[in-house]
1. The conditions are (1) within 17 Å of the chain's Cα centre (by Cα); (2) closer than 23 Å to I46 by Cβ, and V114 fails exactly one of them. Which is it?
2. Got a number for residues in segment 194-211 being surrounded by 13 or more Cβ atoms within 10 Å (Cβ to Cβ) and in contact with a helix residue (DSSP H, G or I) (Cβ under 8 Å, 6 or more places away or on another chain)?
3. Inside segment 28-44, can you point out the residues that are surrounded by 14 or more Cβ atoms within 10 Å (Cβ to Cβ) and without any contact (Cβ under 8 Å) to a residue 40 or more places away in the chain?
4. Quick one: is K164 without any contact (Cβ under 8 Å) to a residue 60 or more places away in the chain, assigned to a helix (DSSP H, G or I) and touching a strand residue (DSSP E or B) at 6+ places or on another chain (Cβ under 6 Å)?
5. In segment 25-55, how many residues are of a type in the set (A, V, I, L, M, F, W, C) and within 22 Å of D101 (Cα to Cα)?
6. Restricting to segment 80-105, count the residues that are touching a helix residue (DSSP H, G or I) at 6+ places or on another chain (Cβ under 8 Å), assigned to a strand (DSSP E or B) and in contact (Cβ under 8 Å) with a residue 40 or more places away in the chain.
7. For segment 141-159, which residues satisfy the criterion of being touching a residue at least 60 places away in the same chain (Cβ under 8 Å) and in a strand (DSSP E or B)?
8. Pick from segment 177-211 the residues that are part of a strand (DSSP E or B), aliphatic (A, V, I, L, M) and within 13 Å of A146 (Cβ to Cβ): which of them is farthest from the chain's Cα centre (by Cα)?
Amino acid sequence: MSRFYFCLFILIGFLSPCAAENIPDVSRADRTAIKRAYGEEAAAKIFSNDLAELRAGKLRESGANIPGYDCKGDRLSALYEALPFPIGQKTISWIERYLIDCSPRAQRNLMIIVENDHARAIELLPGETKADPRLQRDAIQIAKAAAATVGAPDCNKSWTTDTKAVEAYKDAHTPWVERWSFDVCGKPAVIEMSFLPGGGSGTSISAKIIK
C-alpha cells in the first residue's frame with residue numbers, strides 16, 4: 001500500500017461526523033508551521049470550522065471540474081498539511097493539502113487568503129507537486145504547451161488531472177522532477193516537468209512529453 005493511500009485510510013478513519021456533510025475535517029493537520037508564522041490566535045481560527053463553507057465549496061468545485069474522478073455527492077475529505085505562504089504584510093495566506101475519498105482517491109490543494117477579514121480560496125494544481133503557487137503559475141503554461149501536442153488542432157481545452165513526484169523532494173534549492181498528467185480534450189498526456197532552482201535568477205522550468 002502506498003504512503004498516499006495509507007495516510008488517506010488513517011485520516012478518513014478519524015474524520016468527524018461533520019465531514020459526511022461535505023465539511024472538510026481540519027482537526028488532524030499539524031499546526032506547527034502555521035503557529036510559527038502567524039501565532040496561536042490566527043492558527044486557532046485557521047484550524048476551526050470558520051472557513052468550512054469556503055473550503056467545501058472550492059473542493060466541491062474541483063471535484064466537479066477535473067476529469068477522470070468521480071467526486072459526486074458528499075465525499076470524505078481531510079486536511080493533512082497546512083503551510084504558510086505569505087504574499088503581503090496585510091494578508092494571512094497559506095497552502096492547504098487535502099486527501100479526498102473520490103474514485104479514484106484524490107489529492108487536492110488550495111491556497112487560502114485572508115485580507116481585511118475577507119477570505120477567499122484559490123484552487124492550486126492537484127496532486128503531489130511541490131511547486132509553490134507562483135511557480136505553478138509559470139510552469140502550467142509550459143506544461144500545457146507540451147500537452148497540447150497530443151490534442152487535435154481544434155482542441156482548446158486541457159485539464160491538469162494529477163501531479164506526482166518522480167523522486168523524493170529534498171528542498172526548494174535542489175533540482176527536482178515531477179510528472180504532470182493532463183486530459184486534453186479527452187486524450188491523456190503525461191508531461192515530465194524539471195525544475196532547476198537558480199537562486200536569485202529564479203527557477204528554470206523545462207517540460208517534455210512522456211506519453
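1. Condition not satisfied by V114: (1).
2. So the count comes out to 6.
3. Initial filter on segment 28-44 (surrounded by 14 or more Cβ atoms within 10 Å (Cβ to Cβ)): 28-29, 31, 33-35, 37-38, 42-43.
K35, A43 - these are the residues of segment 28-44 that are surrounded by 14 or more Cβ atoms within 10 Å (Cβ to Cβ) and without any contact (Cβ under 8 Å) to a residue 40 or more places away in the chain.
4. Details: without any contact (Cβ under 8 Å) to a residue 60 or more places away in the chain: yes; assigned to a helix (DSSP H, G or I): no; touching a strand residue (DSSP E or B) at 6+ places or on another chain (Cβ under 6 Å): yes.
Judged against the criteria, K164 is not a match.
5. Going residue by residue through segment 25-55, those that are of a type in the set (A, V, I, L, M, F, W, C) are 26, 29, 33-34, 37, 42-44, 46-47, 51-52, 54.
Applying the additional criterion that residues be within 22 Å of D101 (Cα to Cα) yields 26, 29, 47, 51-52, 54.
Total meeting the criteria: 6.
6. Taking segment 80-105 and keeping what is touching a helix residue (DSSP H, G or I) at 6+ places or on another chain (Cβ under 8 Å), we get 80, 82-86, 92, 94-96, 98-102, 105.
Among the residues that remain, those that are also assigned to a strand (DSSP E or B) are: 80, 82-84, 92, 94-96, 98-100.
Imposing the further condition that a residue be in contact (Cβ under 8 Å) with a residue 40 or more places away in the chain reduces the set to 80, 82-84, 92, 94, 96, 98-100.
The total comes to 10.
7. Of segment 141-159, the ones touching a residue at least 60 places away in the same chain (Cβ under 8 Å) are 142-143, 145-147, 149, 159.
Result: W159, single match.
8. Restricting attention to segment 177-211, the residues satisfying the condition of being part of a strand (DSSP E or B) are 177-184, 187-197, 203-209.
The next check asks that each one be aliphatic (A, V, I, L, M); those that pass are 177, 184, 189-191, 193, 196, 205, 207, 209.
Checking the rest, the ones that are also within 13 Å of A146 (Cβ to Cβ) come to 184, 189-191, 193, 205, 207, 209.
Working: V184: 20, A189: 19, V190: 18, I191: 17, M193: 16, I205: 19, A207: 20, I209: 22 Å.
If we take residues in segment 177-211 being part of a strand (DSSP E or B), aliphatic (A, V, I, L, M) and within 13 Å of A146 (Cβ to Cβ), then I209 is farthest from the chain's Cα centre (by Cα).
The values are calculated or read from the model by the stated rules, or taken from the named source; none is laboratory data. Predicted, not measured: the structure shown is a model, and the values here were computed from it. All Cβ positions, glycine included, derive from the backbone under ideal geometry; neighbour counts span all protein chains shown.
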